[in-house]
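The structure appears below as structure tokens.
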Amino acid sequence: MQKLNPIPSVSSLLVLTFFFLLSFGVNSQTVSGSITSSDKQAIIGAYITSGTKGASSDIDGKYTLALASGTHKITCSFIGLKTTTKTITLAPGEIATLNFRLDSEARLLDIAVVSAGRFEQSVAEVTVSLEILQPALVENKATTSLEYALEQVPGVSMVDGEPQIRSGSGFSYGAGSRVMVMVDDLPVLSGDAGRPTWGFLPLENLDQIEIIKGASSVLYGSAALSGVINIRTRYPDARPLTRFTVQHGVYSNPRSESSTYWDMPLQQTNIRFLHSRQLGSWDIVIGGNILGDDGYKGPTIELDSLSNPLDTNTAGYNPLSVDRYGANSQARFNINLRKRDSSIPGLTYGVSTNWQKGESLNTLIWENSSTGLYSSYAGAATRTKQLVGTVDPFIEYLSPSGLRVSFRNRWQHLINDNDNNQGNKSDVLFSELQTQKLGAWGMEKMAVTGGLVHQYTKGEAQLFNGGSGDGINIARNIAGYLQLDQPIGDLINLSAGMRYEHFSINGEAEGKPVFRAGANYQAAEETYVRGSFGQGYRFPTIAEKFIRTGLGVLQVYPNEGLKPESSTSIELGVKQGIKVGGFLGYLDLAVFQQSYTDFIEFTFQRWAVSSEDLLNGLGFGSLNTGESQVRGAEISLMGQAKWGDQDQHSLDILTGYTYTNPISLTPYLNYDTGFIDDDDINTSTTYIGTSHDTTGHILKYRSPHLVRFDAQWTHPKGFVGISARYQSVIKNFDEAFIIFDGLADWGLEDWLDDHPALPWIIDLRVGFNINENSRFSVVVSNLLNEEYSIRPLAIESPRLVNLVYTYEVE
């Protein structure tokens with residue numbers, strides 16, 4: 001007798017689930033029509049109901065609805081537009097046509113988001129804290145890499161390119177992230193290190209950027225322990241769009257003349273282009289950019305002494321050369337194709353691809369704080385030649401009954417060729433089958449979202465040879481999730497979901513379920529009260545478990561015994577609509593708490609007994625540090641004022657203040673787990689013993705106070721904008737940096753004594769419309785040319801003045 005396998009394969013489950021859920025969408029057609037806006041544009045995803053029957057408009061704005069004979073009231077609704085109801089009488093066997101045109105609704109801000117529940121919702125009605133970054137802010141600030149724009153979002157900060165949301169993360173040497181970064185719902189974190197390549201993300205074709213704050217693992221998986229950054233791109237409408245932008249910038253000399261050992265200004269050049277159009281039933285988007293950036297640090301050429309300036313001929317600007325610390329040269333190209341299949345209404349499919357090649361020279365630690373702020377400590381600079389690319393095929397079907405089934409895939413390829421013989425490359429294969437039903441189980445507004453996820457990662461790296469020994473590591477993630485969103489009446493929205501994650505690295509496997517729930521209550525016409533609870537679970541990355549490298553005398557060690565970390569997030573908030581004169585906006589207030597178990601931190605301790613390195617096994621690595629907690633409060637304001645003839649003038653504001661109290665709950669826990677098997681050596685690694693400032697048991701590399709402000713006045717002749725940001729100084733960091741300061745002569749203690757606080761950073765931008773197609777703008781970052789360091793031993797950029805020309809035609 002043939003033995004049956006009781007466990008179906010992942011691919012079998014995906015196929016069976018696809019056809020099972022697809023079967024719900026089979027209905028006869030009796031009423032059909034199209035949904036358009038007041039400007040005659042097709043509306044995708046409008047909801048059409050009659051009693052318990054429902055349908056959604058497809059990508060062309062068309063719908064079909066099966067009804068019994070008789071008289072029916074049919075209602076059409078869409079976020080931000082007025083709900084419309086019509087009455088129709090159907091004779092037996094009749095096939096009728098009923099079209100809807102939806103006008104704008106008199107709401108404060110008609111902003112729709114998809115990240116909170118994986119379907120379109122009003123920003124006021126979601127159950128979690130969520131911020132919106134509009135594309136105009138990103139484009140008008142002459143942004144060359146997304147992390148600089150994200151620094152304007154309330155509650156978000158960057159430490160060496162690593163995103164922090166409400167102090168949920170610290171400094172981890174680029175390994176592991178508690179913030180999931182996505183483009184159109186597909187993850188872009190590297191498979192081996194869990195780190196985004198910020199310059200790779202497409203900025204030329206933004207729709208909007210949505211930032212979820214708090215544990216979001218149910219819908220987005222392991223890395224969403226503290227939140228999600230979802231970059232949404234746009235597809236073309238009926239009007240073709242071509243945009244070309246060229247900008248050139250010059251860095252000011254730093255305030256510290258003693259650290260300026262070059263005599264030619266450092267510069268950058270960026271060219272960005274986009275073309276999108278509909279061609280028959282095809283949607284086509286082509287874009288890319290070319291960037292050459294000197295960076296803001298000094299040249300790498302060795303001098304007799306730092307007091308001798310570099311010869312001007314040698315230091316001339318070349319956007320393609322990478323001969324200065326922090327320099328970057330890259331080129332990126334992307335194309336998105338989507339086909340609307342007319343033979344099968346509701347079926348779309350396509351492919352997107354994005355590739356970038358570049359070279360950079362990055363440094364982690366300055367040489368010294370007196371004359372070498374903009375130079376590199378010996379061995380702390382890495383030259384990387386990088387190739388990164390993605391290929392994303394997808395297919396989606398929206399049935400007449402409102403069932404949406406999508407199958408999205410991604411192949412992500414990454415090669416980092418480092419000059420220290422410690423490069424890495426990885427391939428990630430990601431697939432997600434997602435189904436969504438609006439009006440499920442006879443409930444008119446019930447939204448059911450479910451999905452299966454599979455991710456396979458193969459990493460090959462001299463850098464990560466702590467695992468298999470040959471540097472080859474295999475990771476796999478399989479997950480399933482389900483979320484229910486149900487309005488109760490017109491005032492209450494409820495949301496609940498669960499997910500099960502199964503991880504394995506090199507055959508070592510673990511899994512865990514996580515849950516979330518939330519509610520939003522409309523207490524008054526524009527007052528929304530919300531509460532949410534969410535769990536998170538993050539499995540360590542390949543890099544965190546197996547990295548082995550060095551930066552001069554500083555060594556980084558693997559920890560194969562590193563355990564997953566988990567969290568619980570609780571939040572209460574209120575969003576209050578504001579209407580003052582012509583200003584419409586939302587004031588949001590939230591209090592929150594996130595608790596962590598087996599919290600992973602990048603920590604200094606003795607990892608080995610070795611005569612091969614100068615420090616005899618002392619170094620950094622990732623450790624489970626026990627329990628920690630982040631409590632805090634946040635207030636933010638997002639809004640717009642319009643005035644003048646036909647509202648030609650507008651003022652957009654995004655601002656907020658965030659206070660957090662991130663603390664260790666186990667400061668005396670010895671989390672040395674026996675890396676050294678030597679009875680003659682007694683090691684003890686605790687929060688107290690490894691931290692520089694233990695006041696209040698504040699976690700390392702956190703800023704308790706964040707202030708963000710941005711305002712832009714747009715008028716018929718152009719725009720004027722100003723940004724301001726402030727964060728309190730990082731007082732607690734690894735005490736090892738102070739210990740090594742005396743050996744390496746970094747001047748860290750002198751710097752800290754002279755700079756006890758961080759300054760306000762002010763940016764200014766002014767744009768002038770040359771004609772209806774062209775614009776010229778001047779963008780000044782760090783207007784006051786402040787000299788400051790957020791993470792100890794890493795200096796930030798001085799003033800940068802960019803001249804920008806944009807040509808756009810529709």
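The values are calculated or read from the model by the stated rules, or taken from the named source; none is laboratory data. The structure displayed is predicted, hence computed values, not measured ones. All Cβ positions, even for glycine, are placed from backbone atoms using ideal geometry, and neighbour counts span all protein chains on display. Surface areas here come from the heavy atoms of the whole protein model, side chains and all, with no ligands, DNA or RNA. Shrake-Rupley method; radii C 1.70, N 1.55, O 1.52, S 1.80 Å.
The residues on offer are Ala524, Ala543, and the sole one that is among the small types (Gly, Ala, Ser), open to solvent by 40 Å² or more (accessible area, probe 1.4 Å), modelled with pLDDT of 85 or more and touching a Gly at 6+ places or on another chain (Cβ under 9 Å) is Ala524.
For segment 759-782, the criterion of being open to solvent by less than 60 Å² (accessible area, probe 1.4 Å), aromatic (Phe, Trp, Tyr) and under 26 Å from the mean Cα position of the chain (by Cα) is satisfied by no residue at all. Scanning segment 373-385 for residues that are touching a residue at least 40 places away in the same chain (Cβ under 8 Å) and open to solvent by 40 Å² or more (accessible area, probe 1.4 Å) gives Ala378, Gly379, Arg383. Would you check which residues across segment 290-301 are in a strand (DSSP E or B) and modelled with pLDDT under 95 and list them? If the condition is that a residue be in a strand (DSSP E or B) and modelled with pLDDT under 95, then Pro299 is the only one that fits.
For the criterion of being closer than 28 Å to Leu764 by Cβ and surrounded by fewer than 18 Cβ atoms within 10 Å (Cβ to Cβ), Arg255 passes. Listed by first and then second residue, the pairs linking a residue in segment 316-344 that is within 21 Å of Leu373 (Cα to Cα) to a residue that is open to solvent by 40 Å² or more (accessible area, probe 1.4 Å) and of a type in the set (Asp, Glu), with Cβ atoms under 7 Å apart and 6 or more places separating them unless they lie on different chains, are Val322/Glu359.
Within segment 557-574, can you find the residues that are over 21 Å from Thr686 (Cα atoms) and open to solvent by 20 Å² or more (accessible area, probe 1.4 Å)? Answer for segment 557-574, where residues must be over 21 Å from Thr686 (Cα atoms) and open to solvent by 20 Å² or more (accessible area, probe 1.4 Å): Thr568, Ile570, Leu572, Val574. Criterion first (charged (D, E, K, R), part of a strand (DSSP E or B) and surrounded by fewer than 20 Cβ atoms within 10 Å (Cβ to Cβ)) does Glu808 satisfy it? Against the criterion (charged (D, E, K, R), part of a strand (DSSP E or B) and surrounded by fewer than 20 Cβ atoms within 10 Å (Cβ to Cβ)), Glu808 qualifies. Do we have Asp750 as in contact (Cβ under 8 Å) with a residue 24 or more places away in the chain, closer than 22 Å to Gln247 by Cα and charged (D, E, K, R) here? Against the criterion (in contact (Cβ under 8 Å) with a residue 24 or more places away in the chain, closer than 22 Å to Gln247 by Cα and charged (D, E, K, R)), Asp750 does not qualify. Being under 23 Å from Ile48 (Cβ atoms) and not in a strand (DSSP E or B) is the filter; apply it to segment 446-490 and report the residue that is least open to solvent (accessible area, probe 1.4 Å). Selected residue: Met446. Checking every residue in segment 728-740 against the condition of being over 22 Å from Tyr173 (Cα atoms) and surrounded by 14 or more Cβ atoms within 10 Å (Cβ to Cβ) gives zero matches. Only one of the numbered conditions (1) at pLDDT 95 or above; (2) touching a strand residue (DSSP E or B) at 6+ places or on another chain (Cβ under 6 Å); (3) closer than 22 Å to Gly176 by Cβ is not met by Thr690, and that is (1).
On inspection, Asp392 qualifies as open to solvent by less than 30 Å² (accessible area, probe 1.4 Å) and either under 24 Å from the mean Cα position of the chain (by Cα) or of a type in the set (S, T, N, Q) (or both).
Leu206 meets each of the listed conditions (1) among the aliphatic types (A, V, I, L, M); (2) closer than 28 Å to Gln629 by Cα; (3) touching a helix residue (DSSP H, G or I) at 6+ places or on another chain (Cβ under 7 Å) apart from (2). Of everything listed in (1) out of contact with any strand residue (DSSP E or B) (no Cβ under 8 Å at 6 or more places or on another chain); (2) assigned to a loop (DSSP other than H, G, I, E, B); (3) within 19 Å of Arg255 (Cβ to Cβ), the single unmet condition for Asp750 is (2). Kindly indicate whether Ser12 is small (Gly, Ala, Ser), open to solvent by 30 Å² or more (accessible area, probe 1.4 Å), at pLDDT 50 or above and within 21 Å of Ser343 (Cβ to Cβ). When the stated conditions are applied, Ser12 does not pass them.
Selection of segment 160-181 for residues being in contact with a helix residue (DSSP H, G or I) (Cβ under 7 Å, 6 or more places away or on another chain) and surrounded by fewer than 24 Cβ atoms within 10 Å (Cβ to Cβ) yields only Gly161. Given the criteria at pLDDT 95 or above, among the aliphatic types (A, V, I, L, M) and either touching a Gly at 6+ places or on another chain (Cβ under 8 Å) or closer than 19 Å to Val179 by Cβ (or both), does Ala590 qualify? In short, yes.
With a requirement of 2 or more residues that are hydrophobic (A, V, I, L, M, F, W, C), the strands (runs of 3 or more DSSP E) lying completely within segment 308-418 that satisfy it span 328-341, 347-363, 381-398, 403-418.
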